[in-house]
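Beneath this line is the structure, given in structure tokens, with notes to follow.
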């Protein structure tokens, strides 16, 4: 296979306008879209993830949207495997894949590869770790991690629950610290592609305005009703990766653990706004880190990106 197969990566923080830009490119007719979003993978989670509507998806189909239920787990390794398979299929059609989203871990894993021999997620082991956390507290789980993998213990905080679960999971499955295995194992880097990296990086003040507008719309079109429906349909808890998505965690706590008073609702909405801003901040940090080792073209505004990409891919 040629080493120059192009892959367009379109990245940016939440509410930066990535999806609209990708859809405009799609209209040129020689592209297909692959979602790079760890929340859009879940079925029935539509409003809180700002998922394109069914009508929009009919016009602009995206791969890797609505692929699992909120009860299931999907890893970065699974994303890389699925994305590479889709990229190859799209190239075989004579088209160019556009990967669009804000889950920077997925982009990093695709650009730089993953350790190839780490065990996959194990539902029983994860359930045992989460049960331990419920009974003994997360500090106890973190203390165990620090004992079996001091390097990971130094890197993680008690609040890094997903990373702690993964590190202890790997130790229980292999008897080896995850940091040792990561350092020893080769990376599976997809050298057969040429990545063209673009990032929308709006001014922070402008982005915060867009985030506020998005959340206001989210509440007004029935986000809480969506979460209530999810609770009825699935056996949800706040340890599920799906319920760690911003907005869903706060809504779940509000619906299950509060008296749902006006004051509590206002507090929940404020927490969701803060969490979304923090997500955007982390996405900026990830992007800057990726820019240290990969070439990027960045744009302050959607208009700048439209004009440049129109010239490049028109």
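The values are calculated or read from the model by the stated rules, or taken from the named source; none is laboratory data. Source: prediction; values computed, not measured. FYI the Cβ positions are ideal-geometry reconstructions off the backbone, even for glycines, and counts take in every protein chain you see.
For this structure, a couple of remarks:
- Residues satisfying the stated conditions in segment 198-238, i.e. within 18 Å of residue 258 (Cα to Cα) and either touching a strand residue (DSSP E or B) at 6+ places or on another chain (Cβ under 7 Å) or assigned to a loop (DSSP other than H, G, I, E, B) (or both): 236, 237, 238
- The listed residue being surrounded by 14 or more Cβ atoms within 10 Å (Cβ to Cβ) and not assigned by TED's automatic domain parsing to the domain that holds residue 249, out of 127, 154, 167: 167
- Only residues that are in contact (Cβ under 8 Å) with a residue 12 or more places away in the chain, in a helix (DSSP H, G or I) and over 18 Å from residue 244 (Cβ atoms) were counted across segment 110-127, and they come to 4.
- Residue within segment 91-104 that is out of contact with any helix residue (DSSP H, G or I) (no Cβ under 9 Å at 6 or more places or on another chain), surrounded by 14 or more Cβ atoms within 10 Å (Cβ to Cβ) and in a helix (DSSP H, G or I) present: yes
- Summed over segment 128-161, the residues that are part of a helix (DSSP H, G or I) and within 20 Å of the chain's Cα centre (by Cα) give a count of 1.
- If you go through segment 239-280 and pick out every residue that is without any contact (Cβ under 8 Å) to a residue 40 or more places away in the chain, in a helix (DSSP H, G or I) and over 30 Å from residue 124 (Cα atoms), you end up with 11.
- Residue 91 vs. criteria touching a strand residue (DSSP E or B) at 6+ places or on another chain (Cβ under 7 Å) and in contact (Cβ under 8 Å) with a residue 60 or more places away in the chain: yes
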